[in-house]
Each structure stands twice: as structure tokens, then as C-alpha cells.
Amino acid sequence: MTRYGLDVLSTVFDLARLRSHHSQVQGNSRPLSLQPFHSHTQEHVHAEHEAASDGSDDFRLPKMRSLVTMLVASMLMQVTFFIVVSSSSEYAEHLGGTPTFSGLVIGIPTVFAGVALIPMMKYDGGGYKLPLHFACACAILGNVLYSLAYAANWLYLILIGRMVSGLAMTFFLYSKRYCTDPRIVGIRRRTTLAGWLVLGQGFGFSVGPFIGGLLYKVGFPNSVFNGYTSPTWILAGIWAVFWAIAAVLYEDVPQVRPGAVIMELRTTSASLEAPQSSQADDAIQDSSATRTTSGYQSRADGMHPKAKGASTVQEAAVLPEAEEANMPTSRPSRFRMTGPQIGVTVTMCWFAMTCFFILGSWEANIPIFTSSDSPMNPFHFGPFAAGNMIALGGVSTFPLLFANLFVARRIQDRHTLAIGTTLGMAGLLTAMGVLATRTVTYGSLFACWFFIALGFNIISTVTLSLLSKQLPGEWNGRLSLAIQYSMFTGRVTGAVWGGAGVKVGMLNFVGMQIGLVCVGAVSFLTLWRQLKAKTG
């Protein structure tokens, strides 16, 4: 990535806020010239104290090269999922399959990703290096098998290839878990990082179908490298290069530091006890918490402010013991979800499923509908034109998804959820209207796809990040698994539903999606107050 690209990342992540000023926190207002001289030992202890405070800061981030590696891997995984969308129907038909079978080919990877997740989590050791290498290997092998199906003239080899690629897509969970991992990501940076994942998601469903359609158009007429197989051959090569780079650049996360997890749980619990506080009060409290939170935070709430500010070597040694003495009564393992928290979790899982069901069904349906004999279809598109429409809708959302990276730091996740739901529902209702009146044009269909792609991509930025802010850090793995299984369910069922859209009727196709969104809307409106969480 270029130096300019890293500068953009630094600007969006607001890396300057990762440095807290210890002298300001402790209420020391004397000029520097009047402050007592500290020995080198004392300065070293204070530096370690500040580092510990920064490590538990709400704005902390992982190392940039490791973060970029994870984001690029997630983006390539999205391209892997979508690159066959524009030509899979033609490829399956050439080998003797049906449009519904092509929908299964598109969606089947998520089934195998879901099956492989539990065994993978038993061996990952809480880290990400093993899942990263496993994903790269399976992505290469899966794309090669998909490409060889043409030369072998065997329909089910494309399905087998996508199944193997599905094993690589276990990494969808790990990329999301990485961006909400309390060991490396502060509570006020999780939605921002999720926004970067969604930006990569938008890149995947835009560039993937476009490249697939373009290479289909070019052709390359031979039995190995042709319009059907060239996208996956090229993608296999890209994965091989990335694997070599990732092996050098990526550095795995540190081991869990129990004190930091417990302090985050306490901070989160305290914020949930007062959901009615004003935004001004939240800003004051958050600013104070940012400056004072650390693994060595004093419990002497009744002390005079100056007494609290008098940090010494002895305090730094004693306070961790005080933390450990209180661990048995505050362990996250004893945490029990309340009724509203269960409702919020179910709502987020529902929206995770709904988003990917609708996005997956439209991406699978556009090539089939626009090339069908349906009386509602005024087009006669091939894979290239259909891929261009999918890509154009995705590219058009890029500026707004990029703007969401900045907006997410300033508004609550529940507001983002409401905005995304409104935009997505507007696209679905418009689609229902133009299909019912048979006034489908390129412009009207594109507008529907644009609002659907924008709205449901925006929603997907907050499903996991919101939960990670309301529940303890030790639950991050469980929450990631629940959200990812919901997404996998949406991806596979959505792709199959999109493949069968023309057969079941386009009005029924869109009507079911509207019903899913309505159920989610009723749920989040009912739980509106319980959906409050920190911004960022």
C-alpha cells in the first residue's frame, strides 16, 4: 500500500487520539519549570504506566501492517465469493446445469464455511495466523478446481471447487472478530474498522462481477483458460502472491490480558446503567474515561484528586494485586445476559442474516432476470452487461460508504441501523412498484439496486460492533460466531432464492425480502432504548 494510502488510513482511524497525556490526567497544573525533577527510574515507571493506559484506551488500534493485512484478506475473500456471479449461470448451463444450480454454486461456500468454523476455532489458539494461512491455501485450491471443471467437462467440479473455497471463507468470521477484539481494538474504534470491512465488501461485489463479466467477454477460447475459467485462474494467482506477502507482514495478536478485559466490562456496564444520559454528559464521561482508564486504575474513589494523581512505584505494584483480589466477583465468565440484551443480540443476528440474504439474492438474480424471457424483463443481457450493472451499483455506493467511516465515529450505531434500513426499504419498495407496473428500465432497476446495496451494506457495519460494545470482551468469540452464522445463512439462502427468483415470480421474490426487513424494523423499534452504545 502506498504512503498516501497509509496517510488516509491514519486520518480515518484518528491515530493521534491513541496518545493520552498522563500529566494532564493527574490534575497537575503546575508549569513544567516548577515540577520536581524525576529520576530515570521514576520516568521509566511513569512511561510504563502511560503505555498501560494507552493499551486499554478506548481508541487503541492494532499494528498498521497487521490491520491492513487482515482488511486486504477480507476484501480478497469478498472478490472470491462474487467473481463467479456474472458468469456462473452460463458456466453451469454449458456443463448441463440449471439457473437454480448456479445459485447453489454461488451460495454453497458459506455452508462449508459454517461447518468448518467450529473445528477451526478449537485450533486457532485465540489468534488469527492459522486461520489466515488456512484461508489462503483453500482459496487457491478452490479456484483452481473451479477452473478445471471446463477441461474435465464435469458439472459437479465447479460445485466442489466452491465448497473448497468455502473453507477459506471461515476467514469472514476472523476478520470481523479481529476488528472487535478487545485485546487490540478500543471500544470507540470497532464500528470504524467494521466500516473498512464493509468498504472491502463493496469492493468485492463491485469488482468481482465486473472482472468476471469482462473476462467472459474477452473469451480466451481454449479448454483451460477461457471466459468461464480465466477469472478464477487469475484470482488463484493473486491469492498465492498475497499469501507470500501476508506470511511476512502479519504479526498475531498478544495473549489475553485479564485486567484489560475486566476494566472494559466495568466501563461498558457503567455506560449501560444510565442509557438516559444526554449526549453532552456522555461526551464528558467518555473524555474522562479515555484519560483515566488503564490496567492499573485506582479504586480509591474517595481520595482527594491530588492524592489520586500522586502515582508512585509502590502504587503501580499494589494496584494490580487489588484488581486480582476483585476478579472472582467480576469475571466475565459469570456474566449473564439480561432479557433486553438477548433481544438486542437476536435483532442483530436477524439483520445480519437479512442483509446478506437480500444482497446475495439480488447479485444472483440480476444476471438471471436480465437474460430471462420474463414479461417484466425488457433486457437481453449477457454475463458482461449483467456484471457491469452489479458493479456499477456497487461502485456508486463507494463514496457514501467511505463517508460512513467518518460519520460512524460521531453517531450511534442504532442511528446507522435506522438509516440503512430506511434506504434499503426504499429500494425494495421501488422495485416492487416498477415490477408491478411493468415499467422496468435500466435506470429504474439500477436505482433500486443502488439503494439496496447502499442500505444493507451500511447496516452490516454495526451488527457485530454494537454487540461488542454492550457485552464483555470474553464474549467476542461467541458473538462473532453468532453473527457470522447469521450472515452465512443469509448468503446461501439468498443466492438460492435469487437463482429461483424468475421461477417463483419477481413480485414474490421482492415481497419476501420486504417481509424480512419489516420483522427486523419492528424488532429494533421495540428495543430502541436498549440499542444505545458508545459511538466510534
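For the reader, a short list of remarks on this structure follows.
- By average C-beta atoms within 10 angstrom, highest first, the peptides 153-160, 246-253: 153-160, 246-253
- Exceeding the 32 Å Cα-Cα cut-off - candidates 217/503; 129/217; 469/503; 129/534; 122/503: 129/217; 469/503; 122/503
- Global geometry of region 79-154, whether rounded, prolate or oblate, following the gyration tensor of its Cα atoms and the 1.5 cut on a/c: prolate
- Among 467-479, 177-189, 415-427, the peptide with the highest mean count of other Cβ atoms within 10 Å heads the list, and the full ranking is 177-189, 467-479, 415-427.
No lab work stands behind these numbers, since they all come straight from the coordinates. Keep in mind that this is a model prediction, so the values were computed, not measured. Cβ sites come from the backbone with ideal geometry, for glycine too, and all protein chains shown count toward neighbours.
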